[in-house]
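The values are calculated or read from the model by the stated rules, or taken from the named source; none is laboratory data. The structure displayed is predicted, hence computed values, not measured ones. Methodologically, a virtual Cβ is constructed for each residue, glycine included, from the backbone with ideal geometry; neighbour enumeration extends over all protein chains shown.
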Amino acid sequence: MRDEGTAPAAAPATGQETMNGERTAAGPGRPRRLPWRQMNGYYFVGPAILFFLFVSIFPLLRTIQMSLVDVEAGVPRFVGIRHYANLVQDPWFWNSLSNVLTFTVSSVILHISMGMGLALLLNEEWFNTTLRNFMRGLLILPWVFSTASSGLMWTLLYHPFGLLNYMWVGLLGQEAPIEFLAKPGLAMASVVAVNTWKSYPFYMIIILGGLQAIPAEIYEAAKVDGANAWKRFWHVTLPQLRPILIAISTIDIITTVGHVDLIRMLTRGGPLRSTETVAYYIYKTALLDGNLGYGAAVSTLMLIMLAILIILYLRVLSQGDEAGETSF
Amino acid sequence: MKRASDFRFKHGYLIHQIFVVTLTTLSAIVILTPVVWMINAAMRPIKEVLTYPPQLDPSQLTFEYMASLIENELYRGYFVNSSIIALSTLAIVIVLGLLAAYGFSRFKMAGGRIMLLGIMALLMLPTVTLIVPYFRLAHLAGLYDTRLGLIIVNSAFILPICIWLLKRYMDAIPVDLEEAAMIDGCTRLQALQKILVPLAVPGIVGTGTFAFIFAWNEFLLAVTLTDTPDAQPLTIGLAAFFGQFVRDWNSIMALSTITSIPLMIIFVLFQRWVVQGMTSGAVK
Amino acid sequence: MQKRTRLSILAALLTLALMLSACAAQPAPATGAASDGDAMEEEVVEITWLQWWVNEWGPDNHAQLIADFEAQNPNIKVTVVDVPWPEMAGKLQAAAAGGSESYDLFGTESTWIAGLTKQGFIEDLGPWLENDPEFAAKLTPTTPMNLLGETRGLCLYLIPYQFAYNVDIFEEKGLEPPTNWDEFVAVLQALRDEDSNAYGMSMPLQDGGFLLLRYFNFRLAQEGGQMLDADGNVAFNSPEGVAAMNWWKELYDMDLVVPGSFGEDQALMLEFVASGQTAAIIDGPFIWTKAKQIDPDIRMAYAPAWTHNTGGYSWACSGMGIAANSPHKEEAWEFFKYIYSDEVSLKMTETVSLLWATNAAVDSLAESDDPMLSQVPAFANQDPENNILFAPLPEASKLIDAFQQAFQQVLAGEKDAQTALDEAAAVWQAELDAAK
C-alpha cells in the first residue's frame, strides 16, 4: 500500500515510452529514463513479490529441505538425494503419474468442451432473456455446492443402491448394476465425470464472457461471406477465444493436477490404486503415513515436472500468436 | 449459429429457438439431478434416501435440518468466519494482483521475466505440499488458529493465478487509452484507476469469483492450521459431520444447501457485472 | 458514470473486506491473553487433548467427562481440540513434523503409531506404567499398544468384530443368527432378494483401513493360521492363508455381498445397514449406537461366536498417546488415570457401547445376556482360544496397501490366492526386516 503513494509522483512525464510497454521503448537513446521506469514497475510488483517471499517461497524451500532429510525417532538425518533415488524406482509413483495424466487430460478436455458447449447455447439469442439468465444461474449450481458434500452424494448416486443404478437396473431392466467406483478403468472415468460436473461452470462463465466480447460485426461479415455456422465457429469464434482458452486450460491443468478432495471422497485412490493421482499419493505418503521426507520429494519432483510441462504447453500454444507474449 | 436475427425465415428462427432451449434444458436436467438429490437429502430423513428405490413422498419433506443449523450459534460463527476469510482473501488478491499485473503488463523490468516465471511456478503448488511447513510457520508467527493466518495462506495460493489472469486481461487492453489519459494530465495511478480498472472489470470479476470460491471451499489448510471454532470456516463445520463410522447426511446436505445460497447471490450479482463490462464494447 | 459507480462499489467492497479482516485478527490474541492471565492467578495447568470423539461420544457426554475431571483436579484445565476422524492422521503428522508443543495428549489408531514414533512425537509409556503399578493393574493385557517392544499408546476402547444383524429383518424372514461359517452363507442366501435389490451384507474394501484385513484375519485365525508367527515373521501366505482367501473369494463370487463393494467405505456400509438396505454387518457394538442416529428404532444383535477349526474374535482398538515433547506429561498422565478409571469405564461401556479397555469394564460384561459381549472378558484377557490379536505394525499403511492389493486382485480374479499372498508377504517381510 505504501508504494501506491510514492508511485504517482514518479509517473507523469513518462507518457509515451512506457505505454509501449515492452522492449521497444527501452532503446539505447534514452538511458536516463530507464531507472525510473524500472523503479515504477517494481513499485507495482513489489508488494506481491514480498508477499510471495514470505508466504510461499520460504515454506517451499522448507519442503525442498525436508525432501533431503529423513527423520528417525525424531532425529533428522541428512540423506541427500536418497528419497529421489527411491522415488525413481517406486512403481507406485509412476502409477500415480500415469493416473494423474489420464485424470488431468480427460478432465481438462471435458471441462472446456462442456463449458464451451453450454456457453455457446447461453450466448444464443433466446426468445426470453429472463429464462436464459435463469438457466445460466441454474447451470452454475454444481460449482457452488461444497466438494465434500457433492463427493458424498456422488458415492451414493454411483452405488449399486443409488439413483444411477436404480435407473439402470430398476427402470431399464438390466441384469447387473454398474460398479462405477469398483472397476479400475470405470472408477477413473467416474471420478473424471464428477470432476467435470463439479468444475465446468467456472469455465463456462469465463468462455461466456469471452463470447460476449466478440463484436457482432465479425459474425455479420462472415455471414455475408457465406460462412455456415460451423465455419463461423471454427474461423471466428475459436480464434477470438484463443487467448481465453489458453489461460483457462492452463489454470485447469494446474488445479486438476493438485486435486485431492474429490478423490479422497470418492475412491481414496482405489480400486487397485487406479485413481491414485500424484497429489493423492503425496497426501497419503506424507500426511497419512508420516513419510514426510519422501512426500516432500514427490512434491518437489512433481512441481518441477509440472513447471516444465506448463512452460512447454504455453510455448507450443503461443507459437503463431502475434503478441508472442502469451506465456509470460 | 450466431444471433439468429435473420427474421426472413421465421420458421428457421423457431426451429433454432426450440433447438437451443431444448438442448440447454436437457443438459440442465442431467446436470442438476445430483443437486436436486442433495437438496432432497437436506429435507427428508436420510433413511428414505438411502433405501432402494429411494422414497420420494413429498409430504415427508421438512425444513427441520436447515432450521436447526441456522439456529445453531456455532454454525453462525463458522459462517461469519468463512465470509471474513473469503472476502479478505478476495480483497488481498485483487489489490496485490491488480498492482502486480499492472506492473508486469506495462513496464519492462530487469528480472521481470524471471519473476513472472517464478510466479508461474508458484501457481503450480498443490496445497498438500506446503501443509507441514505452514503448520510450523503459523505457530512461529503466532498466526496458528487465527483467521488472519488462513487469509494469508489462502491468498498465497490464489494470488499467482490472479496475477497471471489479470496480466493477460491487461495485455489485451490497448495502451492508447491510458496514454491519452496521461497526456490529458492524469497520473499513472489515476490512469490505472480510471481507465484500466474499469476496462478490466470482467477480468477482475472472473478472477475474483475464482478467488472467492477457492477461499470459501478451502479445507485442507483450514483443518491443519486451526483448532477452535473461533477461527474455523464452514468447511470445518461441514467436516465435523463426517464421523468415522457414520455421517450426518441430513446436516451435511442441509449445510451445503444453505451455504450455496449466498454464493449464488454473489454470483448472480457478479454475472451482471461481467455482462455489462463485456458489452460496454470498450475492449475492442 | 456507470463505470464510476461500478468502481466505487468495488472499492467499497474491498474496503469492507479489509476492515473485516482487520477485526478478524483481534479476537484471537485477546482470548489467548485472557487465558494466560487466568493461568497466572490460579496456577492452573492447561493440557490440550487432540481427539475425534466429541460427536461420536455425544457432545454432552463428552463435555461432562471433561467437567468431572476438572472438578476432581482443580489445578488442571483440559482444552479439547476436536478433529473429524478422516483428518486426524494428517493433523497428528503435521503436529509431529512441525515440532509443535500444542498437544499434550491425543487419540490415535494403532496404524498411526509407527509413523508418529518415527517422528519422535509419541511418548514411550512403558516407564510410566512401571512407576504406576496401581494404574497398570486396571488395564487388560491387550490394552497396551506395543510397537517393537515399546508401549506407544493405550487402547481406550476395544472393537470386536463379529456378525451383527438387524433383528427385525431376521424375524420377518424367520431367520436364525448364524452360529458358524456355513450358516453364515446360508443366511446371506436367504437375505438376497433380487426384487428389492436387498443383500445380506456388503464388504467395503475401499479404504486403506483395517477392514478387509480383519475379515481375512477372522477367517485365517479360524482356519488355524496367523498373520505373523511367534518370531514376528510373515505367516499369512500359508496353506491356511490361501484357504481363508479362497473362502472370501467364493463368497464374493456368489452375488451374496453387495456388488461394487470395492468402491464402498466403512461408513457407507453402516449407513446401508442402518437404513435396512443390508441386514447384517461384521463390526463392533459401538456401531449400533451409530446406526440409531439414522434409524432410532433399529434393533441389532450379535450372533454367537463362530468356530471353524478354531474359535475366536478378531478385534481392534482405538487408543490414546502422550506427546513426547509435552511440557505437561504429569498432568496428561493424571488425565489418563481419570479416563481409564473404573467410574468412566463403566459409564462409557454402558452409555455408548464402547468397550473400555479396562478390567472393570470388561469384567462387567461377563454377565451380559448378549452371546458376543459375554465373551469379551475372555478375549480381552488374551485367552488364546478367544483372541485374534492384531498388533501395531511398522509402516502399517504400506503393509495394509500391499495386502489390500492382494485381496482385491484375488477377488477381481486377476491373481490366484497363493501368488497374491506371496507378493504381499514379500512386501511385509521386507518392511518388518527393515524395522528390526
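Just a few scattered comments:
- Failed criterion for A:F134 (all others in (1) at the interface with another protein chain (Cβ under 9 Å from one of its Cβ atoms); (2) at pLDDT 85 or above; (3) under 30 Å from B:A211 (Cα atoms); (4) over 20 Å from the mean Cα position of the chain (by Cα) hold): (1)
- Residues that are within 13 Å of chain C (Cβ to nearest Cβ), closer than 23 Å to A:K198 by Cβ and not aliphatic (A, V, I, L, M) within the range B:39-64 comprise just one, B:P54.
- Here B:L189 qualifies as part of a helix (DSSP H, G or I) and without any contact (Cβ under 8 Å) to a residue 60 or more places away in the chain.
- Pairing each residue of the range C:63-78 that is more than 16 Å from C:W52 (Cα to Cα) with any residue that is not acidic (D, E), provided the two are 6+ apart or on different chains, yields C-beta distances under 6 Å for C:F69/C:Y338; C:N75/C:V44; C:I76/C:V45; C:K77/C:V44.
- Failed item, numbered, when B:F135 is tested on (1) at the interface with chain A (Cβ under 9 Å from one of its Cβ atoms); (2) of a type outside the set (G, A, S); (3) buried (at least 23 other Cβ atoms within 10 Å of the Cβ); (4) in contact with a Gly (Cβ under 9 Å, 6 or more places away or on another chain): (1)
- Per the conditions (1) more than 9 Å from chain A (Cβ to nearest Cβ); (2) closer than 30 Å to A:R132 by Cα; (3) surrounded by 16 or more Cβ atoms within 10 Å (Cβ to Cβ), the sole criterion not satisfied by B:V36 is (3).
- Looking only at the range A:187-205, and only at residues there that are facing chain B (nearest Cβ under 9 Å) and hydrophobic (A, V, I, L, M, F, W, C), the one that is farthest from A:S107 (Cα to Cα): A:I205
- Test: residue in the range C:243-260 that is at pLDDT 90 or above and basic (K, R): yes
Yes/no matrix, rows are residues, columns are (1) within 14 Å of chain A (Cβ to nearest Cβ); (2) out of contact with any Leu (no Cβ under 9 Å at 6 or more places or on another chain); (3) not basic (K, R):
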position	(1), (2), (3)
C:G224	no, yes, yes
C:D231	no, yes, yes
C:D253	yes, no, yes
C:P259	yes, yes, yes
C:L268	yes, no, yes
C:F272	yes, no, yes
C:G284	no, no, yes
C:A303	no, yes, yes
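- A residue that is in contact with a Ser or Thr (Cβ under 9 Å, 6 or more places away or on another chain), crowded, with 22+ Cβ neighbours inside 10 Å and of a type in the set (G, A, S) cannot be found anywhere in the range A:310-323.
- Here is the figure for the range B:73-110: residues that are assigned to a loop (DSSP other than H, G, I, E, B) and either in contact with a Lys or Arg (Cβ under 9 Å, 6 or more places away or on another chain) or more than 9 Å from chain A (Cβ to nearest Cβ) (or both) total 3.
- Test for C:I287: is it more than 18 Å from the chain's Cα centre (by Cα), buried (at least 21 other Cβ atoms within 10 Å of the Cβ) and among the aliphatic types (A, V, I, L, M): no
- For C:A137, the conditions (1) among the small types (G, A, S); (2) buried (at least 21 other Cβ atoms within 10 Å of the Cβ); (3) away from every other protein chain (no Cβ under 14 Å) are fulfilled apart from (2).
Table: residues versus (1) charged (D, E, K, R); (2) more than 17 Å from the chain's Cα centre (by Cα).
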{"site": "B:G97", "(1), (2)": "no, no"}
{"site": "B:A101", "(1), (2)": "no, yes"}
{"site": "B:M109", "(1), (2)": "no, yes"}
{"site": "B:I131", "(1), (2)": "no, yes"}
{"site": "B:R147", "(1), (2)": "yes, yes"}
{"site": "B:V153", "(1), (2)": "no, no"}
{"site": "B:F157", "(1), (2)": "no, no"}
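- Applying the criterion of at least 1 residues that are modelled with pLDDT under 90 and within 14 Å of chain A (Cβ to nearest Cβ) to the helices (runs of 4 or more DSSP H) found wholly in the range C:20-127 leaves C:85-97, C:110-118.
- Scoring C:A430 on the criteria (1) within 14 Å of another protein chain (Cβ to nearest Cβ); (2) closer than 23 Å to C:N146 by Cβ; (3) modelled with pLDDT of 85 or more; (4) crowded, with 17+ Cβ neighbours inside 10 Å leaves a single failure, condition (4).
- Annotation for the range B:203-223: at least one member residue is surrounded by 24 or more Cβ atoms within 10 Å (Cβ to Cβ), over 30 Å from B:M38 (Cβ atoms) and not assigned by TED's automatic domain parsing to the domain that holds B:V36.
- B:L117, sole failed condition from (1) within 25 Å of B:A91 (Cβ to Cβ); (2) of a type in the set (A, V, I, L, M, F, W, C); (3) within 10 Å of chain A (Cβ to nearest Cβ): (1)
- For the range A:271-294, the candidate set comprises residues that are more than 8 Å from every other protein chain (Cβ to nearest Cβ) and assigned to a helix (DSSP H, G or I); within that set, the residue that is surrounded by the fewest Cβ atoms within 10 Å (Cβ to Cβ) is A:G293.
- Among the residues of the range B:176-215, just one is of a type in the set (S, T, Y) and more than 8 Å from chain A (Cβ to nearest Cβ), namely B:T207.
- Residue in the range B:123-145 that is touching an Asp or Glu at 6+ places or on another chain (Cβ under 7 Å) and closer than 26 Å to C:D82 by Cα present: yes
- Flag for B:A191 being of a type in the set (G, A, S) and either surrounded by fewer than 22 Cβ atoms within 10 Å (Cβ to Cβ) or in contact with a Leu (Cβ under 8 Å, 6 or more places away or on another chain) (or both): no
- Residue ID - nearest to C:K91 (Cα to Cα), chosen from residues in the range B:144-175 that are away from chain C (no Cβ under 14 Å) and small (G, A, S): B:A156
- Hey, C:T151 at pLDDT 90 or above and among the hydroxyl-bearing types (S, T, Y) or not: yes
- Reported count of residues in the range A:206-230, each being farther than 19 Å from A:E125 by Cβ and at the interface with chain B (Cβ under 9 Å from one of its Cβ atoms), is 1.
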